[in-house]
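What follows is a set of notes on a single structure, which appears directly below.
The values are calculated or read from the model by the stated rules, or taken from the named source; none is laboratory data. What you are looking at is a predicted structure, and each value in this text was computed from that prediction instead of being measured. Counting neighbours? That spans all protein chains shown, and the Cβs are built from the backbone with ideal geometry, glycine included.
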Amino acid sequence: MQATTDNYAAYREGPQSYALGRLVVPVARLEELEAALPRDVEFPWRVSALMGGNVESDFAAIDAFHRLAAGRARVTSVEMRVQTPEQIEAAATKLPEEIDAYFEIAVAEDPSPLIAAIASAKQRAKIRTGGVTADAFPPAAHIIRFLDLCARANVPFKATAGLHHPLYCHRPLTYAADAPQGWMFGFVNLFLVAAWIRLGLDPKAVAPLLEEQDPAVLSFAPSEVRWRVYRLTGAQAEDIRHRFAASFGSCSFEEPIDDLKSLGWLSDPTW
């Protein structure tokens, strides 16, 4: 935990701090996080807490964390796995007004009832797009269906697991020297597909982008992004970022940034 907080503190002060989101920590480790937090911070850290199996006790732990970490960190979102609409409805009734909830749902079967329940609760969805084994990565069609349903229901989402690199690629699935390799979805692929689906394009038309490997068919400028014949303006991208495609979780902050730089798609800010 101390290494985690040291790294996060450094990233908050670094040139790419604008890309840094919440620190994701299990509720069960919030007390440990509080002990490792810097004593003085200019702006409170934003934390996303991974819920366990008991909603009441988890929110009690979050309240205790807020008392201990007052002025230094605050849980602004929670993430929890759910299997039924009833679980979503029950959790939403206990959710503090100032905290957003990301409900992680399985996408192997039609997730329409779950996404409808999330929409009714005015909360957010979460999709797992990979893992440490090849079978943890869902088929592309399941991700496309999830994005389309979220767009239709006006449900913002975040994605997690396996999104270490900008583009679809065949890479080691863990950092171990003997790690198995597999195909991993790219975070740029995912968010551009989400953007064009949100703008009303036929999901079938942009589905191939989810497995696009060639950076040459993508171009980035301050005012627009292009993929083949499709165009996304900067204003559209900003709106979708705030209202729909919220974030992705990554084990590493540096790896995605370094990959973007190596592709020539990102440079250190000069302001």
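General observations
- Test: residue in segment 120-129 that is over 23 Å from Tyr102 (Cβ atoms) and modelled with pLDDT of 95 or more: no
- Selection status of Arg231, at pLDDT 95 or above, in contact with a Ser or Thr (Cβ under 6 Å, 6 or more places away or on another chain) and over 27 Å from Ser77 (Cα atoms): no
- Which listed residue, of Asp202, Asp178, is at pLDDT 95 or above, acidic (Asp, Glu) and surrounded by fewer than 20 Cβ atoms within 10 Å (Cβ to Cβ): Asp202
- Scan segment 155-166 for residues that are in contact with a Phe, Trp or Tyr (Cβ under 8 Å, 6 or more places away or on another chain), touching a residue at least 60 places away in the same chain (Cβ under 8 Å), more than 20 Å from Trp265 (Cα to Cα) and in a loop (DSSP other than H, G, I, E, B) and the total you get is 1.
Residues are listed down the side, and each one gets a yes or a no for (1) at pLDDT 95 or above; (2) not aliphatic (A, V, I, L, M):
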| residue | (1), (2) |
| --- | --- |
| Arg22 | yes, yes |
| Glu42 | no, yes |
| Ser48 | yes, yes |
| Leu68 | yes, no |
| Ser77 | yes, yes |
| Met80 | yes, no |
| Thr84 | yes, yes |
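- Lone qualifier among Glu98, Glu89 - being of a type in the set (D, E, K, R) and either under 17 Å from Lys126 (Cα atoms) or touching a residue at least 40 places away in the same chain (Cβ under 8 Å) (or both): Glu89
- For segment 131-153, a residue qualifies if it is over 29 Å from Thr174 (Cα atoms) and touching a residue at least 40 places away in the same chain (Cβ under 8 Å), and the qualifying residues are Asp148, Cys150, Ala151.
- Test: Arg124 is under 26 Å from Glu89 (Cβ atoms), charged (D, E, K, R) and in contact (Cβ under 8 Å) with a residue 24 or more places away in the chain: yes
- The strands (runs of 3 or more DSSP E) found entirely in segment 38-141 include none that carry 3 or more residues being buried (at least 19 other Cβ atoms within 10 Å of the Cβ) and at positive phi.
- For segment 122-171, the tally of residues that are of a type outside the set (A, V, I, L, M, F, W, C) and within 15 Å of Glu104 (Cβ to Cβ) stands at 13.
- Candidates in segment 219-251 are the residues that are more than 25 Å from Met184 (Cα to Cα) and among the polar types (S, T, N, Q); of these, the one that is surrounded by the most Cβ atoms within 10 Å (Cβ to Cβ) is Gln236.
- Residue match in segment 237-245 (condition: part of a helix (DSSP H, G or I), out of contact with any helix residue (DSSP H, G or I) (no Cβ under 6 Å at 6 or more places or on another chain), within 27 Å of Tyr18 (Cβ to Cβ) and among the small types (Gly, Ala, Ser)): yes
- Any pair with Cβ under 8 angstrom, 6 or more apart, that starts in segment 225-238 at a residue that is within 11 Å of Leu199 (Cα to Cα) and ends at one that is part of a loop (DSSP other than H, G, I, E, B) and aromatic (Phe, Trp, Tyr): none
- Boolean, Ala216 is surrounded by fewer than 14 Cβ atoms within 10 Å (Cβ to Cβ), over 20 Å from the mean Cα position of the chain (by Cα), under 25 Å from Ser267 (Cβ atoms) and at pLDDT 95 or above: yes
- Residue that is nearest to the chain's Cα centre (by Cα), among those in segment 181-199 that are surrounded by 14 or more Cβ atoms within 10 Å (Cβ to Cβ) and farther than 18 Å from Ala237 by Cα: Phe185
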